[in-house]
Amino acid sequence: MKQPRETKPVILFLQGPPSVFWRELADAFELAGVKTLRVNFSLGDQLFWRKRGAINFRKPLKHWRGFVEALIKREGVTDILYYADQLPYHRTAWEVAETLGVRCHAVEHGYLRPDWLTLERGGMGRFSHFPVDPAQISAIARSVAAPDLTVRYPHTFGQEAFNEVLYNLVAYFGRPFFPFFSDDKYYSALKDYLPWVVRAFFPTRHLASEELQNGLTPYFLVALQLQSDYQIRANSRFVHLADMLDEVIGSFARYADRNASLLIKQHPLDNGIERWGSRVTSISRRHGVEERVRFFEQGNLNAILKSATGVVVVNSTVGIHSIRTLKPTIALGCAVYDVEGLTHQDGIDSFWRNPSPVDPALVDDLVQALAATIQVKGNFYHREGKVVAIAEMVRRIVAREVNLPGGFLDTPPRLTWQKGIQARPEAMQ
């Protein structure tokens, strides 16, 4: 990669979160004297941007590489911002930027949510540059001030769900205006998001905390993610979450104590298409543990974690919550918190009877290091939370302090994936 240009910033905004946050962030850059550009790819982008001067890209995806390269050169772009770093437009822009010495910044919901957002160099998951070495994480923590962990900018689940559904349905029905838009979704937006209209009127059942205390303890928790999530598609070895469930339930059947139960919790934004309850029943029956495996659609995560013996995730942020409550945790995919001393490193089969304990001091160091480097206090939806986050993002990007302090700006990505096999950097030496 060429060295980044040492000129006045010119910011290119690609697709952003389903919120007016992106537009307000651009306004803040402009107030700071920084030039901004925007490319819309769909009518959903236009809906939440609503600023003059945006460039509408209406050509097929195959033309995007040449288009963005020409745009970067013509406008002198120094920095590119995007949400959902694995979208095809964003990965292509990153590849072009690498050759031109342009910085890319991924913005996402925070690892430390609620109340935090992610601002990270290049991307997340296997593209993250956050260190895997516990000693380096602790060194960063010692060099920075303690973060403010008080929840100050909450938003409701309904706010997030409404914006997500609105953006994607508008993008879907707005295809006559952007006929070649590639959303690269696992399901069509119509299939994925219309079920939420039904769910709004017929809410799913909740898991009562008393039910956990009456017959399920001791139990392990499996936190499901969305089948459509890029964290599964790009940052794990599982083609389908059913493959993960088969592996986990099969291992549980063979190696877990026969008095233990397995609690499988659905993601709160799940559209219901995969019918996880039926799948869990079928897989559990096949492995002979149907009576020991329970599935729930919704529930109080804090209450569930409180009584859990251990937690299994692919790379969900539930893993962060789990290790912060000092619950033994195993991550089956690429996760920023999958670090020795925080998560079980010896495979799922040994996890059930001999899970690795969580190092409380390293948990504190992780939270402190994350907050100081790739997390920003704030929120996409809360009025004051947006103001606080936007000010800090503008400051870090203009000062070229994304991923700093800590000295890992120039380190290679912490994990790589080849043919679906996880490999740590030390294994590739």
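The values are calculated or read from the model by the stated rules, or taken from the named source; none is laboratory data. Here the structure is a predicted model, which is why all the values come from computation and not from measurement. For neighbour counting, all protein chains shown are included, and Cβ atoms are generated from backbone atoms with ideal geometry for every residue, glycine included.
If you take the residues of the stretch 139-161 that are hydroxyl-bearing (Ser, Thr, Tyr) and surrounded by fewer than 18 Cβ atoms within 10 Å (Cβ to Cβ), which of them is nearest to residue 105 (Cα to Cα)? Ranking the candidates gives 143 first.
Note on the stretch 86-114: among residues that are under 16 Å from the mean Cα position of the chain (by Cα) and part of a helix (DSSP H, G or I), the one that is surrounded by the most Cβ atoms within 10 Å (Cβ to Cβ) is 90. Here the helices (runs of 4 or more DSSP H) wholly within the stretch 294-393 that include at least 1 residues being touching a His at 6+ places or on another chain (Cβ under 8 Å), among the hydroxyl-bearing types (Ser, Thr, Tyr) and outside the structural domain of residue 147 (by TED's automatic domain parsing) are 348-351. Within the stretch 78-85, can one find any residue that is of a type outside the set (Ser, Thr, Tyr), in a loop (DSSP other than H, G, I, E, B), at pLDDT 90 or above and surrounded by 22 or more Cβ atoms within 10 Å (Cβ to Cβ)? Yes: the stretch 78-85 contains one or more residues that are of a type outside the set (Ser, Thr, Tyr), in a loop (DSSP other than H, G, I, E, B), at pLDDT 90 or above and surrounded by 22 or more Cβ atoms within 10 Å (Cβ to Cβ). Within the stretch 7-38, the set of residues being assigned to a strand (DSSP E or B) and either among the hydroxyl-bearing types (Ser, Thr, Tyr) or touching a residue at least 60 places away in the same chain (Cβ under 8 Å) (or both) comprises 10, 11, 12, 13, 36. The single residue among 110, 33, 53 that is more than 20 Å from residue 179 (Cβ to Cβ), in contact with a Leu (Cβ under 7 Å, 6 or more places away or on another chain) and not aliphatic (A, V, I, L, M) turns out to be 110.
Against the list (1) farther than 26 Å from residue 161 by Cα; (2) surrounded by 17 or more Cβ atoms within 10 Å (Cβ to Cβ), the condition residue 378 fails is (1). Of the residues making up the stretch 341-374, those that are touching a helix residue (DSSP H, G or I) at 6+ places or on another chain (Cβ under 6 Å) and of a type outside the set (A, V, I, L, M, F, W, C) number 5. Considering only residues in the stretch 266-298 that are among the hydrophobic types (A, V, I, L, M, F, W, C) and surrounded by 14 or more Cβ atoms within 10 Å (Cβ to Cβ), the one that is nearest to residue 218 (Cα to Cα) turns out to be 293. Applying the criterion of being under 28 Å from residue 345 (Cβ atoms) and within 22 Å of the chain's Cα centre (by Cα) to the residues of the stretch 300-313, the residue that is surrounded by the most Cβ atoms within 10 Å (Cβ to Cβ) is 312.
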